[in-house]
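Take a look at the structure set out below.
The values are calculated or read from the model by the stated rules, or taken from the named source; none is laboratory data. Being a predicted model, the structure only gives us computed values, none of them experimental. Heads up, the Cβs are rebuilt from the backbone with ideal geometry, glycines too, and the neighbour counts pull from every protein chain shown.
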Amino acid sequence: MFEIRRDDLSGEATRALLALHLAGMHENSPPGSVFALDLSGLLLPEVTVWTVRDGEEVVGIGALKLLRDGTGELKSMRTHPGHLRRGVAAALLDHLVAEARARGLTRLSLETGNGPAFEPALSLYRSRGFVDGEPFSEYAGGSFNRFLHLSP
């Protein structure tokens, strides 16, 4: 069974998974279309990061960013490649949605990309009730970006 813990981003394994996430976003996105937070962005006070662990091994990461309008944004969702299709992302997404509800957020949103590399994540989000919608916060729409929303 997985354990989901709040993470301060100081661990080497967490930082390595974050670096893998950023590299993957850049590899699968056109220039100027990556809005993934780097380490400094994830350390902002309005962002809370959790890791999924299998024993002591970090197998997933995700974050919740509080927005000024009483809504939240999912950030940096990534499963370690060696643990795909084992329920890591589903467990983490369920945790983040529950956290949004507990914090009284009126909506939970995310921005992601288009194409084959993004289809598994889009399928997971939709299975949890997220629906396609308009850009939010400071995002502008584009041909590559997708915006999904959930009322927790």
In the set Gly113, Gly72, which member is surrounded by 17 or more Cβ atoms within 10 Å (Cβ to Cβ), under 15 Å from the mean Cα position of the chain (by Cα), farther than 23 Å from Leu44 by Cα and small (Gly, Ala, Ser)? Gly113
Collect the residues in region 68-98 that are in contact with a Phe, Trp or Tyr (Cβ under 8 Å, 6 or more places away or on another chain) and more than 18 Å from Arg126 (Cα to Cα), keeping them in residue-number order. Thr71
Quick check: is even one residue across region 86-106 of a type in the set (Asp, Glu), farther than 24 Å from Ala19 by Cβ and surrounded by 16 or more Cβ atoms within 10 Å (Cβ to Cβ)? yes
Kindly list the number of the only condition in (1) of a type outside the set (Gly, Ala, Ser); (2) assigned to a helix (DSSP H, G or I); (3) in contact (Cβ under 8 Å) with a residue 24 or more places away in the chain; (4) crowded, with 16+ Cβ neighbours inside 10 Å that fails for Ile61. (2)
Would it be correct to say that Arg101 is at pLDDT 95 or above and either within 11 Å of the chain's Cα centre (by Cα) or part of a helix (DSSP H, G or I) (or both)? yes
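Name the single residue that is nearest to Arg103 (Cα to Cα) among those in region 70-85 being among the charged types (D, E, K, R) and free of Cβ contacts under 8 Å to residues at least 40 places away in the same chain.
Initially, region 70-85 is screened for residues among the charged types (D, E, K, R), giving 73, 75, 78, 85.
Subset that is free of Cβ contacts under 8 Å to residues at least 40 places away in the same chain: 75, 85.
Values: Lys75: 17, Arg85: 29 Å.
Among residues in region 70-85 that are among the charged types (D, E, K, R) and free of Cβ contacts under 8 Å to residues at least 40 places away in the same chain, the one nearest to Arg103 (Cα to Cα) is Lys75.
Identify, please: which residue in region 1-35 is of a type in the set (Val, Ile, Thr) and within 24 Å of Ala117 (Cβ to Cβ) and is, among those, surrounded by the most Cβ atoms within 10 Å (Cβ to Cβ)? So that I can check it myself, show each step before the final result.
Residues of region 1-35 of a type in the set (Val, Ile, Thr): 4, 14, 34.
Remaining after also requiring within 24 Å of Ala117 (Cβ to Cβ): 14, 34.
Details: Thr14: 20, Val34: 15.
Among them, the one singled out is Thr14.
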Between residues in region 24-51 that are without any contact (Cβ under 8 Å) to a residue 60 or more places away in the chain and residues that are among the acidic types (Asp, Glu) and part of a loop (DSSP other than H, G, I, E, B), which pairs lie under 8 Å by C-beta distance while being six or more apart or on different chains? Val49/Asp7; Val49/Asp8; Trp50/Asp7; Thr51/Asp7
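Out of Gly55, Gly141, which single residue is surrounded by fewer than 16 Cβ atoms within 10 Å (Cβ to Cβ) and over 27 Å from Pro30 (Cβ atoms)?
Details: Gly141 fails: over 27 Å from Pro30 (Cβ atoms).
The match here is Gly55.
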Over region 131-151, the set of residues without any contact (Cβ under 8 Å) to a residue 12 or more places away in the chain and either farther than 19 Å from Leu66 by Cα or in contact with a Lys or Arg (Cβ under 8 Å, 6 or more places away or on another chain) (or both) is Gly141
Based on this model, can you work out whether Ser29 counts as hydroxyl-bearing (Ser, Thr, Tyr) and either in contact with a strand residue (DSSP E or B) (Cβ under 9 Å, 6 or more places away or on another chain) or over 21 Å from Pro120 (Cα atoms) (or both)? no
